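**Student:** Please see the structure below; I have some questions.
The values are calculated or read from the model by the stated rules, or taken from the named source; none is laboratory data. What you see is a predicted model; the values in this text were computed from it and never measured. Because the Cβ atoms are built from the backbone with ideal geometry, glycine has one as well, and the counts that use them run over all protein chains shown.
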């Protein structure tokens, strides 16, 4: 085996690089090696801005990742790297950087989110996370520049019916590498117990961050269903079991809203509103 040495690389950095290369060779999907369709992260990244997302399992296709990347490119003027954490890179835009998900921890779906608080995540800088079921339709530079250095997260969308509501929604959050690392370190000690005790990742985050954070201004990031569309009447498709609006309509766009969050049905791909089809691409 040929050993590769990089000028200026320490022994620890070389060891970390080799471990990452090994993990990327061994992760499989459906018992086949992952195709090399996306870039891996250079071993010696400078401090920078990252936009990250999570794709696990089959709930969301690669189209959701690619559309999120396209929306960020259109609506962010700052320099950033776009990174998808996934076990399946098939169909991803080759411009997207990917990172493999940790294996054999018994996690799935949103329960991978504590991973972004890992100080050894492999990204050094500002990390802006988006769920895949969002529509970005205006400039999002403010999500990098607002309260710089402070952990920021959405106030849960039940705020639309309770003004005093102070729970967290993890559809969009921002942190510095290693910030509030207890969210990860305490979780990883006993993931099964944490997942049994809490309904979801955002409840775990809320339980472990009591200070040193800011909520995004409510107007910036809104629930499409509850706030932008005002809880329209819904019907269920008897064939698919999915719910959608009874009639298509237009969202109420506040002056400073730039991200629409789709929690529950419908997902952006299924929504019958023309506005969604126009912006989710």
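**Student:** Quick check: is even one residue across segment 160-169 assigned to a helix (DSSP H, G or I), more than 26 Å from residue 262 (Cα to Cα), more than 18 Å from the chain's Cα centre (by Cα) and at pLDDT below 90?
**Tutor:** No, there is no match, as no residue in segment 160-169 is assigned to a helix (DSSP H, G or I), more than 26 Å from residue 262 (Cα to Cα), more than 18 Å from the chain's Cα centre (by Cα) and at pLDDT below 90.
**Student:** I've got another one for you. Return only the number of the condition from (1) assigned to a strand (DSSP E or B); (2) touching a residue at least 60 places away in the same chain (Cβ under 8 Å); (3) under 26 Å from residue 275 (Cβ atoms) that residue 214 does not satisfy.
**Tutor:** Failing condition for residue 214: (3).
Okay, residues lined up against (1) in contact with a helix residue (DSSP H, G or I) (Cβ under 6 Å, 6 or more places away or on another chain); (2) surrounded by fewer than 17 Cβ atoms within 10 Å (Cβ to Cβ); (3) over 24 Å from residue 187 (Cα atoms):
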| residue | (1), (2), (3) |
| --- | --- |
| 50 | no, no, no |
| 79 | no, yes, yes |
| 83 | no, no, no |
| 86 | no, no, no |
| 94 | no, yes, yes |
| 109 | no, yes, no |
| 118 | yes, no, no |
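**Student:** Just to be sure I understand, how many residues within segment 146-159 are surrounded by fewer than 16 Cβ atoms within 10 Å (Cβ to Cβ) and assigned to a loop (DSSP other than H, G, I, E, B)?
**Tutor:** Adding up the residues that qualify gives 5.
**Student:** Only one of 187, 173 is within 17 Å of the chain's Cα centre (by Cα), buried (at least 21 other Cβ atoms within 10 Å of the Cβ) and either on the phi < 0 side of the Ramachandran plot or not in a strand (DSSP E or B) (or both); which?
**Tutor:** Going through 187, 173 in turn, the sole match is 173.
Results for (1) assigned to a loop (DSSP other than H, G, I, E, B); (2) at pLDDT below 95, shown as yes or no for each residue.
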site	(1), (2)
84	no, no
92	yes, no
102	yes, yes
110	no, yes
128	no, no
144	no, no
